[in-house]
1. Just for the chain, what percent of DSSP beta bridges are antiparallel, to the closest 5?
2. Per residue and in cubic angstrom, what volume does the convex hull of the Cα atoms of the stretch 190-255 have?
3. Would you mind finding the longest exposed-site-free stretch of the chain, with exposed trypsin sites (Lys or Arg not before Pro) meaning DSSP loop and at most 10 other Cβ atoms within 10 Å?
4. With each run of n ≥ 4 DSSP H residues scored as -39500 (n - 2.57), what mean residue ellipticity at 222 nm is computed for the chain after dividing by its residue count and rounding to the nearest 500 deg cm²/dmol?
5. With viscosity set to 1.002 mPa s and temperature to 20 °C, compute the Stokes-Einstein D of the stretch 47-117, Rh being the Kirkwood radius across alpha carbon pairs; µm²/s, no decimals.
6. When the Karplus curve 6.51 cos²θ - 1.76 cosθ + 1.60 is applied with θ = phi - 60°, which whole-Hz ³J(HN,Hα) does each residue of the stretch 166-182 get, with x for Gly and Pro?
7. At 7 Å along Cα-to-Cβ for each site, give me the label-to-label distance between Arg289 and Asp62 in nm.
8. With a Förster radius of 45 Å, plug the Cβ-Cβ distance of Arg26 and Val103 into 1/(1 + (r/R0)^6) and report the FRET value to the nearest 0.05.
Amino acid sequence: MRTVRATAAAVTAVLGAGAAAVAVGRLASDAALKAPPGRPLPTEPRLTVHGTAAGQISLTRDLAALRPGRYGLSGNGSHAVVGPVLTSAPHPADTVVRRLESVTHGTLKPGDKVWLTPNVYVGNPGAALGLEHADVDVPGELGALPAWFVPGKRDTWVIAVHGLGTTRELAMNVMPFLHRSNFPVLALAYRGDLGAPRPPDGLNHLGETEWRDLDAAIRYAVRYGARQVVLHGWSTGATMALRAAAHSGLRDRVSGLVLDSPVLAWETTLRALASARRTPAALLPLAVRAAQGRTGLSVGRVAGTAPPGGLRVPALVIHGPDDSVAPWQLSRRLADARPDMVALRTVGNAPHGAMWNADPEAYEEALRRFLTPLM
């Protein structure tokens, strides 16, 4: 009887440990699979507001606060736009002073917790940029997908699709440039976004199922007059663009890809986000296995499922070595494998999905050079 009890206790302990491991894996995988649009990724530090003055804001001294460029600054109930670091402004050693361009809504006061975001503009293209636009519904497989359409004279449309931690508002960063260049722009909200259908399992599949919403946007664009489309994706939106270019029934209408901070290996990105949530390194494989079991994602497959040799349209990849979410080295490898099709622009001192923010003028010049032959 004692042996039976001991065996039962051992089995219970093993089963309990297994159940705990499954639970830990699921919890760790949530960092990517349940990343809410418009909320900061776990890799993005919270900063404290120390004070504001005319055209200035003082923030906690941190590598993030020292980034060059132009960013949104979000808090709970507030949004502002900040420009470059003001090195000549007097400040204590533990703070950084940046230019405060505007406070879009809410207030900023000492002690507030805020974070930098690539989303410089909030609202819609009319309110934020003064651009004529229409709110349209794109018919998707799960239901209507909200989108903004900004008209232009050309018959090549740019379809813009955001990625992790952002919303379709991110596309407004490049809308003024695209509008000046006469490109019609379709900025898409896809499954899981505010106002869009909820995915059946409630999870983000890191572009591997969401791409079908981008496919629906391509069909919409062609139905309403687009002769060709350029897919501009950030983060997992770039993953969606690669998959659509490889698998869409209208892939012959895709004339180019702009891939900003592309997620080319979802398991690497998931590990990075889980690690940023302080998941012990020994448990990271559990997070990957849990994500695979929950979503059916395939491990070890480069985004788009097509090998580099299968890339049939020119691609501009804009990425940087400071991206802690999607490794720049994979973009470098893609560019090296297909120098005939892929142009890589490397941007330093920029976090994931924020290549425009680091240097808007250089980003838009790279876009101009890439898009001119595709007009």
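1. Details: 36 of 61 bridges.
Bridges in the chain that DSSP calls antiparallel: roughly 60 percent.
2. 89
3. Working: sites that count: Lys153, Arg278.
So the longest stretch without any such site is 1-152.
4. Working: 10 runs with 117 residues, N = 375.
It comes out at -9500 deg cm²/dmol, rounded to the nearest 500.
5. Numbers: Rh = 11.6 Å.
In µm²/s, the coefficient rounds to 184.
6. For the stretch 166-182, the Karplus-derived couplings read 10, 10, 4, 4, 4, 4, 5, 4, 9, 4, x, 4, 5, 5, 4, 8, 6 Hz, x marking Gly and Pro.
7. 3.4
8. So, using R0 = 45 Å, E works out to roughly 0.70.
Each value in this text was obtained by applying a stated rule to the coordinates, not by laboratory testing. Only a predicted model underlies this, so the values are computations on that prediction, with no experimental measurement involved. All Cβ positions, glycine included, derive from the backbone under ideal geometry; neighbour counts span all protein chains shown.
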